Amino acid sequence: MTKHTSKELILNPTYKEMADYYNTVIMPARVRSPKDKAAVEGAVGAISTWIIAALRNTQCFSIDELNEEVWMKLEEFNERPFTRKKGCRLSAFEEEEKFALSPLPITPYKMSKWNTVKVRPDYHVSVESMFYSVPYEYINQEVDVRVSDDLVEVHFNHMRIASHKRLYGKFGQLSTIHDHMPDNHKLFVEQTPEAAIEWAESMGTSTVDVVQYILDTSQTEKLALQSIFSLKKSEQRYSKYEIERACKMVISMTKRPTVKSIQTILKNNKKNDAEQELKRKTEINQNNYGFTRGAAYYGGKQNDK
């Protein structure tokens, strides 16, 4: 429900949008001021009497026939002479009002509905049991949604942040724009067999063999891509060299490499490399002090403490 404030008149969003579309201004009548409505109410009464009442006995068998009768009566009504001054409604319009009118838009205004909804944790809004994405930064924010016959637009603070073609048919359909996703979601959605092979080639020949084996032997492509995606995420902790070395090692040990076995090798290699590095540093430190001679070596006296 739209309510006015003490300082401002608040228009219905759909009504205001129509006024903006036709570049006109809505001036609501004042509260408890019937004189503001007198002319309009009088014109409605005159139209009702002259057209609707006059056609009450006319038989029409289609909307087109009824419209023709109404147009004829309307022309008669507009050309009917005034009783207290010269001219008629048509001449008054042409002489006093027509010059001030602006041309209508090429296409007529299309009605739309406005709703306020909250962005879901999956960065989608629900509109009549269909789901449309918005940029993930607006999760848990309240947004205004404009719904027309063929378009769904999402606004935040009077700024449009998303636009989708309206969905019809089975409930629960999703319209998701790639740019609205967080980076980790984009990474998953972008997974295809071609992309998986391309990534493997950037790592090395052993990684290509592992990826190709997973693609060829998995029950479904989706499961294969999920496994490869898990392997690909290893890049966050391990270098290309370490991943390629782990793939080479697993191939040398089994003809059925798995991502889990590769991840285990990566973890063990990381631990072994760290132990080797620590051992190497310890030996270097020991060698650095290997040629140091104390006073006793040269037969000197050491001061007792």
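The values are calculated or read from the model by the stated rules, or taken from the named source; none is laboratory data. Keep in mind it's a predicted model, so treat the numbers as computed, not measured. A quick note on method: Cβ atoms are made from the backbone with ideal geometry, for glycine too, and the neighbour counts reach across all protein chains shown. Surface areas here come from the heavy atoms of the whole protein model, side chains and all, with no ligands, DNA or RNA. Shrake-Rupley method; radii C 1.70, N 1.55, O 1.52, S 1.80 Å.
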Distance (nanometres) between label positions extended 7 Å along Cα→Cβ at Ser48 and Ser218: 7.1
Options (1) 84, 52, 41; (2) 55, 48, 33; (3) 140, 62, 32 - which one matches Cα extents along the principal axes in Å as calculated here: (3)
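Rounded, prolate or oblate: which fits segment 62-106 when a ≥ b ≥ c are the square roots of the eigenvalues of the alpha-carbon gyration tensor, with rounded for a/c under 1.5 and prolate only if a/b beats b/c?
Numbers: a/c = 5.50, a/b = 1.19, b/c = 4.62.
Because a/c hits 1.5 or more and a/b fails to exceed b/c, segment 62-106 counts as oblate.
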Per residue accessible area in Å² of the chain, where ligands, DNA and RNA are left out and the probe is 1.4 Å: 77
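At a 1.4 Å probe, what is the % contribution of carbon and sulfur to the accessible area of the chain? Intermediate values should be presented prior to the final figure.
Values: 12480 of 23360 Å².
The computed percentage sits at 53.
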Long-range HN-HN contacts of Ile161 with modeled amide H, under 5 Å: Val154, His155, Phe156
Whichever lysines have a C-alpha closer than 24 Å to that of Lys248, once near sequence neighbours (fewer than 8 apart) are set aside: Lys232, Lys233, Lys240, Lys260, Lys267, Lys270, Lys271
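Quick check for segment 43-115: number of Lys pairs with alpha-carbon distance under 24 Å, counting only pairs 8 or more apart or on different chains? Mind dumping the intermediate values first?
On the way: Lys73/Lys85; Lys73/Lys86; Lys73/Lys98; Lys85/Lys98; Lys86/Lys98.
Close lysine pairs under the 24 Å cut-off: 5.
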Positive-end extreme of charge dipole, the chain - chosen from Ile197, Thr24, Thr258 (charges on Cβ): Thr258
Sum of -39500 (n - 2.57) over DSSP H runs of 4+, divided by residues of the chain (222 nm, nearest 500): -13000 deg cm²/dmol
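Is segment 182-268 best put as rounded, prolate or oblate by its Cα gyration tensor, with a ≥ b ≥ c the root eigenvalues, rounded for a/c under 1.5, and otherwise prolate when a/b is larger than b/c, oblate when not? Please list the in-between numbers first.
Values: a/c = 1.68, a/b = 1.24, b/c = 1.35.
Oblate, since a/c reaches 1.5 and b/c is not below a/b.
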Separation in nanometres of the label points that stand 7 Å from Cα toward Cβ, at Asp179 and Lys270: 3.6
